[in-house]
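Just below is one structure, and these are the notes that go with it.
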Amino acid sequence: MKKTIIAASSFLVAVGAFAQGTVNFNNRVPAADPPINAPIFYDSGAGVLVKADGANFMAALYAGPSADALAPIGAPIAFKTGAVAGYFGTSTPYTVDTIAGGADAFVKVVAWSVSAGATYKAAVDGAKGGWGESTVLKIKLGGGGTPPGPPADLIGLTSFNISNFGGGPVIPEPSVVVLAGLGGLALLLRRRS
């Protein structure tokens, strides 16, 4: 009897493992079709966008069966530095336990400044800004079939900003708007002369 229970349990674990979908958690995949190149920026506080870099910024993946039922998947990862600032990625695919391989899933990428919170939720709940998120993407997860297919790429991912204003569009400071207006006025006056 014990052997039968152990064999049945092992079979269910094996079937469950093959049922899970997989996704590459990378925002730069030149070999994807179409290629993915979606660096993440942050507002430096003066209306100037800079690529997020290093352990001061984190990215996480959310996934679910619908756009309204997204949950964190895998561990958050820090951004790369130097020439590859603005990008994150891991060589180990993330597993979506709640959705079968080969099935459609809804996903989004979130990013935040660790100075705004230790987690994405803490950054959002803190209402200080310092966070941003991508649009929700619908992708077909990898891992389906026999043998399991390759992990899915985040096809359709585009750049977004980690904003000081809570993840929305970056709003320039009034001085930047005034300078832009003066520059435009100078061009108009020059054309008339």
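Rule-based calculations on the coordinates, nothing more; no lab input. This structure is a prediction, so every number in the text was calculated from the model and none was measured. Ideal geometry is used to build each Cβ from the backbone, glycine not excepted, and the neighbour counts take in all protein chains shown.
For the residue pairs 51/80; 108/140; 51/121, the C-alpha atoms sit more than 18 angstrom apart in 51/121.
Under the classification rounded if a/c is under 1.5, otherwise prolate if a/b is larger than b/c and oblate if not, where does the stretch 66-162 fall, given a ≥ b ≥ c as square roots of the Cα gyration tensor eigenvalues? Cα axes put the stretch 66-162 in the prolate bin. Our estimate of slack between residue 103 and residue 119, defined as 0.36 nm per intervening residue step minus the Cα-Cα distance, is 2.9 nm. Packing, taken as the mean count of other beta carbons within 10 Å per residue, orders the peptides 62-71, 147-156 from highest to lowest as 147-156, 62-71.
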